[in-house]
């Protein structure tokens, strides 16, 4: 990996959580920064990186579509190797970044997997599921999902046949970015804080 890696939290933490961004926003988006910095403040070591298309977008200023899946997966393998191998890492990310992590988690032998808003299907196309590999996933996993996420809300997802290694934390009335509606009485900050707390508890269960 030649791209920059952003770190939060103490260098002497027992392991590192590595987070990849979603399809449209970079590693330093408000969502990614809030999660990484929130966990760092709790004593977790968090690394963020960008896929090649986002690195190029940052350099050129021109919007580019995501790289093809083989490139994204190879990027994940490279970052795992660069950061010392799977045994010292929990991997995951926002939406597409978390989905790509889930595809290499077992292969890389990581401690755990954290998906923040998993894209179970394209919006409006619930029949096009992206769950086949999640049925046999062996890596302990946490999926933090908005209850009304258009990529897979609670009513749909709770009916899926997924691996028992996967646990869920539901963001009350949250959308794909965990934003609730005003009528819920909650704020985006409330749900982000709940997400950070859930990830922190999961990391503790992973041995840290």
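If you take the beta carbon distance between residue 204 and residue 172 as r and set R0 to 25 Å, what does 1/(1 + (r/R0)^6) give as a FRET efficiency, to the nearest 0.05? Mind showing how you got there, number by number?
Values: r = 22 Å, r/R0 = 0.90.
Efficiency, from the Cβ-Cβ distance: 0.65.
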Using a Förster distance of 35 angstrom, determine the FRET efficiency expected from the C-beta separation of residue 182 and residue 11, and round it to 0.05. 0.30
Taking 54, 171 and counting other C-beta atoms within 10 Å, the order from fewest to most: 54, 171
With Kirkwood's inverse mean 1/r over C-alpha pairs for Rh, give me the Rg to Rh ratio of segment 16-94, two decimals please. 0.97
Taking the number of other C-beta atoms within 10 Å as the exposure measure, put 64, 182 in order starting with the fewest. 182, 64
Listed residues 67, 173, 106; largest mean-square fluctuation, Gaussian network over the chain with Cα springs below 10 Å, found at 67
Run the quick spin-label model on residue 56 and residue 82: label points 7 Å from Cα toward the beta carbon, then report their separation in nm to one decimal. 1.7 nm
Determine the relative contact order of segment 6-205: mean sequence separation of Cα pairs under 8 Å and six or more apart, normalised by residue count, in whole percent. 17 percent
Euclidean distance between Cα centres, segment 130-202 to segment 1-31, Å: 20 Å
Binned at 10 Å starting from 0, the alpha-carbon pair-distance distribution of the chain in whole percents comes out as 9, 38, 39, 14, 1
Taking the square root of 5λ for each eigenvalue of the C-alpha gyration tensor of segment 1-41, the equivalent ellipsoid has semi-axes, largest first and in whole angstrom, of 19, 13, 8
When 133, 176, 121 are arranged by how many other beta-carbons sit within 10 Å of their Cβ, fewest first, they go 133, 121, 176
222 nm [θ] for the chain, helices only, -39500 (n - 2.57) per DSSP H run of 4+, per residue, to 500? -10500 deg cm²/dmol
Roughly speaking, what % of Cα-Cα pairs in segment 54-129 are separated by over 19 Å, rounded to a whole number? 44 percent
State the dimensionless ratio Rg/Rh of segment 107-182 (Rg: radius of gyration of Cα atoms; Rh: Kirkwood radius). 0.97
Suppose R0 equals 35 Å. What FRET efficiency, 1/(1 + (r/R0)^6) with r the Cβ-Cβ distance, do residue 160 and residue 190 give to the nearest 0.05? 0.85
Separation of the residue 64 and residue 135 label points, Cα + 7 Å toward Cβ, nm: 3.5 nm
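Since every read-out is calculated from the coordinates, none of them should be taken as a lab result. This one's a predicted model, so the numbers in the text were calculated from it and none came from an experiment. FYI the Cβ positions are ideal-geometry reconstructions off the backbone, even for glycines, and counts take in every protein chain you see.
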